[in-house]
1. What lysines sit close enough to K354 to cross-link, taking a C-alpha to C-alpha distance under 19 Å and skipping anything fewer than 8 places away on the same chain?
2. Between M17 and D367, what FRET efficiency comes out of the Förster formula 1/(1 + (r/R0)^6) with R0 = 22 Å and r the beta carbon distance, rounded to 0.05?
3. To the nearest 20 debye, what charge dipole does the stretch 61-321 have about its Cα centre, counting +1 at the Cβ of each Lys and Arg and -1 at the Cβ of each Asp and Glu?
4. Under 1.5 on a/c is rounded, so check that first for the stretch 45-109, then, if it is not, pick prolate when a/b is larger than b/c and oblate when it is not; a ≥ b ≥ c are the square roots of the alpha carbon gyration tensor eigenvalues.
5. Pick out which of A311, A20, A198 has the largest mean-square fluctuation in a Gaussian network model of the chain, springs linking Cα atoms closer than 10 Å.
6. For the stretch 185-248 and the stretch 51-76, write down the distance between their C-alpha centroids in whole Å.
7. Can you bin the stretch 234-388 into rounded, prolate or oblate? Criterion: square roots of the alpha carbon gyration tensor eigenvalues sorted a ≥ b ≥ c, rounded for a/c under 1.5, prolate for a/b above b/c, oblate for the rest.
8. Would you kindly derive the ³J(HN,Hα) couplings of the stretch 228-245 from the backbone phi angles with the Karplus curve 6.51 cos²θ - 1.76 cosθ + 1.60 (θ = phi - 60°), listing them in order in whole Hz, with x for Gly and Pro?
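Taken together, the values in this text are just the output of simple stated rules run on the coordinates, not laboratory data. This is a predicted model, so every value here is computed, not measured. Methodologically, a virtual Cβ is constructed for each residue, glycine included, from the backbone with ideal geometry; neighbour enumeration extends over all protein chains shown.
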Amino acid sequence: MAGKDEAEHLWLPYCQMKTAAPPLKVASTQGTRIRLADGRELIDGIASWWTACHGYNHPHIREAVTRQLAILPHVMFGGLVHEEAQRLAHRLCALLPGDLTRVFFSDSGSVSVEVALKMAVQFWLNKGIRGRNKFLAFKGAYHGDTFATMAVCDPQEGMHKHFAGVLPSNIVTDLPRGEETIAQFDRLLEAYADELAAIIVEPLVQGAGGMIFHPPQVLSRLRAAADRYDLLLIFDEIFTGFGRTGSMFACDEAEVQPDIICLSKALTGGTMALAATVARAHVFEAFWSDDPSHSLMHGPTYMANALACAAANASLDLFEREPRLEQVERIEQELKAGLEPCREMRAVKDVRVKGAVGVVELKAGPDLETMRRRFVEHGVFVRPFGRVVYLTPAFTIEVIDLQQLTRAIAHVVAGE
Ligand SMILES: *Cc1c(COP(=O)(O)O)cnc(C)c1O
């Protein structure tokens, strides 16, 4: 039993609390440092699930949130709007390619994917086309923890296999990127296109499902298939958005425009919970009608929270004023140099780097508990999962800190 442990009332995520080491208590954060309550200081390699892209406690974001707190912390979005949300929607649409021009705000990544899935299903219903209510998704995918999003995650490798029997059934296959998988993809589309509402994918990097990369050509193939079979294409850029893979959005590098895009994680620079589902004009048009039943029936209580929108606007200011994408390029070079030596190690299957994502994939499932403890002993916060040890640091990280992170990975993976 946890006994008098101060965490005794907390229920922690993805954690067997009986056997896991107790969580580290954080007293404060600053830049790329996590200060623990016991006085230790860790260099952060993860940026809190890759949200804190400007480092923690950025003064510009703090000022924006503080200012907003005095004026208007939150109002419901039913019948009311506010300046920060309007400005943020405007700026997101200006940053996104083509006619991705309608923003639906919500409060978490999973919900933004739920909304995208709901939009896709209702899109067809509003057009009077029935029976298109399944999704084509991919192995290695992670789209969230709620029921509809679990049903588009990788069913075997994912975190949700217990729920297989309760989930809506979708088509989950390999990304089409070789002769066999392309043939399989084409066969499935031929067989199921009439039942599909949309194809959903994390473009370029599948994140929490294993940090797996694919080339932009795969996305061009998905776009072509969606066009041929008249399906919507949804990009979940919750991981990849806001510079993580080297371009502002992965769809920019791929030069492929989705019909719906999901954003969250780094949207507020890691300050507040906020997400956005952005749709192209033709998607929105299917909801624009004299028939009230054609409205999108969704509305989270805290949608477009004004503090979160202020944080997101401040985060976008920083992307404009500071050289974030250049910083990502520098991080990419540094990660390549620092992680490459791991490739020769006995335990290592693959080393891969894209933008500010550095991955060391191991051959066998490591003892995660031991590894996590070892990283703390090395003065860093790195949190491997499955067979993957990875870095997704803040874009503002100093080279010297990044080198300490990659050195720690080399030591720990080598078993030192
Ligand atoms: C984190 C993540 C989600 C889920 O976001 P939450 O805010 O945790 O609900 C969905 N898709 C991708 C690609 C993610 O990285």
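1. K265, K336
2. After rounding, the FRET efficiency stands at 0.80.
3. Details: 21 positive and 30 negative charges, 72 e Å.
Dipole of the stretch 61-321, to the nearest 20 debye: 340 debye.
4. oblate
5. Sorting by GNM fluctuation, first place goes to A20.
6. Cα centroid of the stretch 185-248 versus Cα centroid of the stretch 51-76: 33 Å apart.
7. prolate
8. 4, 9, 6, 10, 7, 10, 10, 9, 8, 9, 5, 7, 7, x, 6, x, 4, 9
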